[in-house]
Structures are given as C-alpha cells and as structure tokens.
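Below is one structure, written out as structure tokens, with a few remarks after it.
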Amino acid sequence: MFLSAPVYILAILSLATVFLISGLLKLLSPSSTRAGLSALRLPSPFSQPWFAVAWPATEIVLAIALIVCPSPLHLLALAAAAAANIAFLVVIVRASRFAEEIHCHCFGAIDSAPVSAATVLRNASLVVLSAVALLGAPRGSFLGAVSHLGADAALFQLGLFLWAGLAVAVALQSLTPRAPHAPRAAAEASAAELSRHLLRDIFGTEHDVRRFVDAEQSVLFFVSTTCAACRGLTPQIAEWIPQLSARGVRVRLVLDSPPEEAISAFPAFGALLLHDREGRLARELGLSTVPSAVHLGRDGVAGVSTGPAAGSIAIETLVENVLFDATTVPR
C-alpha cells in the first residue's frame, strides 16, 4: 500500500520549499554563504567562491525539479534531495563537535544562530522528510499525484496555502533592505578611555592602543589562528578595508599569538596583524570569543565607540554602523 497522496505531496512540497528558500537566501547574502562554507571546514573545492554561488543555484534547481520532473525522472530528483540532506546532516553533526562556535549560515544572513543540537535536529528532520517522500515515489511525479488527488484535494490545498504563505513571508523579510542600525553605544565599562596596551606588529614595533585614535578612528577585529569562523570572515574584512579607509577608519587584526606565527593563517593582512599579549586588551574589553570586533575613536575618544560585537553577523552589523556613521573625510 502506497503512502497516502496528501502526505506524499506535502512532503515533496516541504522539501522543495526548504531548498528554494535556502538557495535564494544564500544567493542574496554571498558573503555570509562564503563565511559559512569556510567555517564548516569543507574540503578546499567546496570552500571556493564559485561553490558559494553554484551550490545555492543547485538547491533552486533541485526545488524546481522536485515539483516539475515527470515520472520516472522524479525518482532522480527525490534521490538527489535525500542525498543532499544526508550530506548536510553529516556536515552539521561534524561541525557541532568543533571546539569553537560555528555559524553555517544555512539560510543565508538571516540564519545567525550557531550550529547546535537544534541545527542537527533540523537537518535530521529533513532526512526523515526525504525518506517519507521516497516511500511515496511509486505514486509517480508530484504533478501527477496532485492531478489524482480527488477527495483529498482539500487537505492538499490547505497545505499548499500554508507553505506558500511561509515562503512569501520569508522572501519578503530577506528582500527588505536593511537600514543600518543606530550605532550601539559602548558599554559603560568600556566608554571610559582604554588602559595602556602595547600591541606588537610583525616588524617588532609596539603600538599603544590609545594612539589608534590620534588622527583617525579604528576597527579592531579580534581573531585567532585556530578559529574557522575567523578565517571565514577574512574575505569580508578584505572588502571592508578600502571602504572603511575611505571614511577615515583604519582596520587592524588583533591576535593572541605573535604576528610572525599568524601570518600563515592570515597572509593578506601581514602589516595589520597585532599581538595582544596574554589577551589583556581582549579581557579589558570583555571579549570572550572570536571573531569579535570593536570600533574605537569616534569623537576622538580613545575608548570603545561601538561594540563589542561577537560573531560574523554582529560584526557585519557593526561595520555597517561604522560605515553609515563615519565621516567621508578623515579627521
């Protein structure tokens, strides 16, 4: 006895909706997608910029194939969906065992939560949904099953309206332009001027963090050589540097290891790498995780102007705030 038609149809519709939304949101936030792929520590070919476009496009094609492929090609679409969801589950289970917090951005920029047991459960549910759809495969293609619904048409229509409403709501949320948030005031403990901290660069020169605001503002990115999310953020940092510089804001990367040891992990930022000995500056700023960022020196004060921000999404928001708020001419 085959799986009931409404269950089969709604299972396929659910899978197609998830693949479609996931693919669209990834394409709408390519920087988050690249950061997520890098943070997941996938093999090199799957961490390249081309894959950050190819994979979301594949998800969209797969969503369409689940709906429109005729028999027996619908079996290939169902099998591909099941294989993709099993692969996702393996990757997420593996990422959940990493020592540091991982952000997969499985649904683009709006998916800012770190990988957790809930993420594993979500992906396991998609595997189960794929299995349910495969059980109903003998009924034929999605469109064929819909055309033979008969008395069950009302149940299908209800499910269709529910999923269509969800898809539209998510699409509208993701397509709505995000206005920069009003820059968040620094915490009271950080609003005062910073203590003297000497940070050593790769040339051996020591810099007093209080001098970073003598002539211009600064954004400090706190990263680590052992942090996959930090490496995933580096392409965005490279894009932000000229934008911030044009507004009189300098960028520096602060690490808990000497720059000469960190240069292999961050080769594009050699002169910008600074060593925070024993993490003293990070402790004063109340930073307990990487990547993190702070904005120093607005209004010429040698203290925290915006932040701290922890995690790639919060850091992206901080930078948007700084770009929105900063003057176009260096002070």
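The values are calculated or read from the model by the stated rules, or taken from the named source; none is laboratory data. Since the model is a prediction, treat every value here as computed from it, not as a measurement. Positions of Cβ are generated from backbone atoms using ideal geometry, with glycine treated the same way; all protein chains shown enter the neighbour counts.
Would you confirm, using the coordinates I've provided, whether residue 91 is surrounded by fewer than 15 Cβ atoms within 10 Å (Cβ to Cβ), outside the structural domain of residue 227 (by TED's automatic domain parsing) and farther than 27 Å from residue 240 by Cα?
So residue 91 does not fit the description; no.
Checking residue 325 against (1) more than 25 Å from residue 202 (Cβ to Cβ); (2) at pLDDT 85 or above: exactly one of these is not met. Which one?
Residue 325 satisfies every listed condition except (2).
Here is a check on your reading of the model: is residue 34 touching a Phe, Trp or Tyr at 6+ places or on another chain (Cβ under 8 Å) and at pLDDT below 80?
Against the criterion (touching a Phe, Trp or Tyr at 6+ places or on another chain (Cβ under 8 Å) and at pLDDT below 80), residue 34 does not qualify.
Any residue at all in region 49-63 that is modelled with pLDDT under 90, within 18 Å of the chain's Cα centre (by Cα) and buried (at least 21 other Cβ atoms within 10 Å of the Cβ)?
Yes, region 49-63 contains a residue that is modelled with pLDDT under 90, within 18 Å of the chain's Cα centre (by Cα) and buried (at least 21 other Cβ atoms within 10 Å of the Cβ).
Quick check on my filter: what residues within region 25-47 are assigned to a helix (DSSP H, G or I) and surrounded by 21 or more Cβ atoms within 10 Å (Cβ to Cβ)?
At the first step, the residues of region 25-47 found to be assigned to a helix (DSSP H, G or I) are 25-28, 30-39, 44-47.
Passing the criteria: 25, 26, 32, 33, 34, 35, 36, 37, 38, 39.
What residue, of 55, 50, is closer than 24 Å to residue 118 by Cα, part of a helix (DSSP H, G or I) and out of contact with any strand residue (DSSP E or B) (no Cβ under 9 Å at 6 or more places or on another chain)? Step through it out loud before you land on a result.
Details: 50 fails: closer than 24 Å to residue 118 by Cα.
Matching residue, one of 55, 50: 55.
Are any residues in region 22-42 of a type outside the set (A, V, I, L, M) and more than 14 Å from residue 312 (Cα to Cα), and if so, which ones?
Listed by number, the residues that qualify are 22, 23, 26, 41.
Please indicate, with yes or no, whether at least one residue in region 116-126 is within 30 Å of residue 148 (Cβ to Cβ), in the same structural domain as residue 21 (by TED's automatic domain parsing) and free of Cβ contacts under 8 Å to residues at least 24 places away in the same chain.
Yes: region 116-126 contains one or more residues that are within 30 Å of residue 148 (Cβ to Cβ), in the same structural domain as residue 21 (by TED's automatic domain parsing) and free of Cβ contacts under 8 Å to residues at least 24 places away in the same chain.
Return a yes/no flag: does region 171-187 have any residue that is surrounded by fewer than 17 Cβ atoms within 10 Å (Cβ to Cβ) and at pLDDT 60 or above.
No; the residues of region 171-187 include none that is surrounded by fewer than 17 Cβ atoms within 10 Å (Cβ to Cβ) and at pLDDT 60 or above.
Which of the residues belonging to region 68-83 are assigned to a helix (DSSP H, G or I) and surrounded by fewer than 19 Cβ atoms within 10 Å (Cβ to Cβ)?
68, 73, 75, 76, 79, 80, 82, 83
I'm told residue 212 meets every condition in (1) at pLDDT 80 or above; (2) aromatic (Phe, Trp, Tyr); (3) surrounded by 17 or more Cβ atoms within 10 Å (Cβ to Cβ) except one. Can you identify the failing condition by its number?
Going through the list (1) at pLDDT 80 or above; (2) aromatic (Phe, Trp, Tyr); (3) surrounded by 17 or more Cβ atoms within 10 Å (Cβ to Cβ), residue 212 breaks only (1).
Could you list all residues from region 263-299 that are surrounded by 22 or more Cβ atoms within 10 Å (Cβ to Cβ), at pLDDT below 85 and under 16 Å from residue 229 (Cβ atoms)?
If the condition is that a residue be surrounded by 22 or more Cβ atoms within 10 Å (Cβ to Cβ), at pLDDT below 85 and under 16 Å from residue 229 (Cβ atoms), then 287, 290 are the ones that fit.
Residue 65 fails exactly one of the following numbered conditions: (1) over 17 Å from residue 106 (Cβ atoms); (2) in contact (Cβ under 8 Å) with a residue 24 or more places away in the chain. What is the number of that condition?
Checking residue 65 against (1) over 17 Å from residue 106 (Cβ atoms); (2) in contact (Cβ under 8 Å) with a residue 24 or more places away in the chain, the one that fails is (2).
Working carefully through the options 102, 110, find the one that is of a type in the set (A, V, I, L, M), surrounded by fewer than 18 Cβ atoms within 10 Å (Cβ to Cβ) and under 24 Å from residue 223 (Cα atoms).
After ruling out the rest, the residue left standing is 110.
When the residues of region 300-322 are narrowed to those that are within 15 Å of residue 237 (Cα to Cα) and among the hydroxyl-bearing types (Ser, Thr, Tyr), which ends up modelled with the lowest pLDDT?
Ranking the candidates gives 312 first.
Which condition from (1) at pLDDT 90 or above; (2) loosely packed, with under 15 Cβ neighbours inside 10 Å; (3) among the charged types (D, E, K, R) is the one that residue 97 breaks?
So the condition that residue 97 fails would be (1).
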